[in-house]
Amino acid sequence: MLIVAAALFAFFLGFAWLLRFFVTKIHDAAQSDVVIEMRFSKEYKENVQLELMQFSYYNKLSNEGKKKFFDRVLIHLSKNKVVGAEGYEPDDKIKIMISATAAQLTFHIDKDWLASFDTVELHPTIFRMNHNGPLMKGATTPNGIIRISVKDYLEGYRVGDDKLNVGLHEFAHALLIEYTASAEDYSDIKKLVFPYEVIAAKEIELGPDSEHFLRKYAFTNKHEFFAVSVETFFEAPKDFFATHPELYIVLTKLLNQDPRNVTEDYRLQERLTE
């Protein structure tokens, strides 16, 4: 009798957990739809689409891909604050661009990644974190704030193939912080993060040389190595794969996309070829 009672209790406990899981998923999906359809006016959404037309990554997507990207941008705009510092007042254009950067990095992974980084603080130009600190183009801290120099952010997208993009760089820092924290609890994430850490440790130990594809700043530590790698991944994917295929493949798996695969909305292919 006790065995039957225990079995029934386990069944109902499992059923309750599943019910809560699916209700949460349905609620999240409905909330996203409401955010997209009701929070923003028709005129604002049209403005978002116009601004995205200036975004190279977006322009290469299919119509289906553009709809997905557009939705991701609206979700980011609705859930995150883009604020100004040192007298700078961000307008809609820069807010949309910042959200587009987040959408670019996370396009083919779960939209909830980067959720713990809910504030982007924009400075007009290079800045200091404190009075005696060094001048910086960007800074990402585990307390959920990403700080970016607007001047350098805009320059990063004005020149799209120089492997310098402070927006992608700082959002990459945020993503790696979340990945590393999640790897302790989720084996799937750990399987993705561990190969990167092995390669990064090996490359950093060897150190930079004059002919290395990544700029020297990457070799500061594994976090900078990842951020610089992400900049290069998006801005020079073909050359990156040609010179460092092992690292490139690890990044495609971490981000679940391949920037070389323009014809299929950057989807990750089963087999990567040159």
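The values are calculated or read from the model by the stated rules, or taken from the named source; none is laboratory data. In this text the structure is predicted, and so the values were computed from the model without any measurement. Cβ coordinates were reconstructed from backbone atoms using ideal geometry, including for glycine residues, and neighbour counts include every protein chain displayed.
Pick from 229, 187: which is in contact with a helix residue (DSSP H, G or I) (Cβ under 9 Å, 6 or more places away or on another chain) and either at positive phi or among the small types (Gly, Ala, Ser) (or both)? Give the derivation first.
Values: 187 fails: in contact with a helix residue (DSSP H, G or I) (Cβ under 9 Å, 6 or more places away or on another chain).
Residue meeting the stated conditions: 229.
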Options 224, 155, 205; residue that is without any contact (Cβ under 8 Å) to a residue 12 or more places away in the chain and in contact with a Leu (Cβ under 9 Å, 6 or more places away or on another chain): 155
The strands (runs of 3 or more DSSP E) lying entirely within the stretch 61-161 that contain at least 1 residues which are among the charged types (D, E, K, R) are 81-84, 119-123, 145-149
Please give the number of the condition residue 175 fails out of (1) surrounded by fewer than 21 Cβ atoms within 10 Å (Cβ to Cβ); (2) assigned to a helix (DSSP H, G or I). (1)
Inspect all residues belonging to the stretch 161-170 and state whether any of them is farther than 16 Å from residue 109 by Cβ, exposed (fewer than 15 other Cβ atoms within 10 Å of the Cβ) and either touching a residue at least 60 places away in the same chain (Cβ under 8 Å) or touching a Phe, Trp or Tyr at 6+ places or on another chain (Cβ under 9 Å) (or both). yes
If I ask for residues that are of a type outside the set (A, V, I, L, M) and either within 25 Å of residue 234 (Cβ to Cβ) or free of Cβ contacts under 8 Å to residues at least 12 places away in the same chain (or both), which ones from the stretch 82-104 would you list? 89, 90, 91, 92, 93, 95, 99, 101, 104
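Here's the yes/no breakdown for (1) modelled with pLDDT of 95 or more; (2) among the β-branched types (Val, Ile, Thr); (3) in contact with a strand residue (DSSP E or B) (Cβ under 7 Å, 6 or more places away or on another chain):
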position	(1), (2), (3)
131	no, no, no
143	no, no, no
151	yes, no, no
159	no, yes, no
167	yes, no, yes
174	yes, no, yes
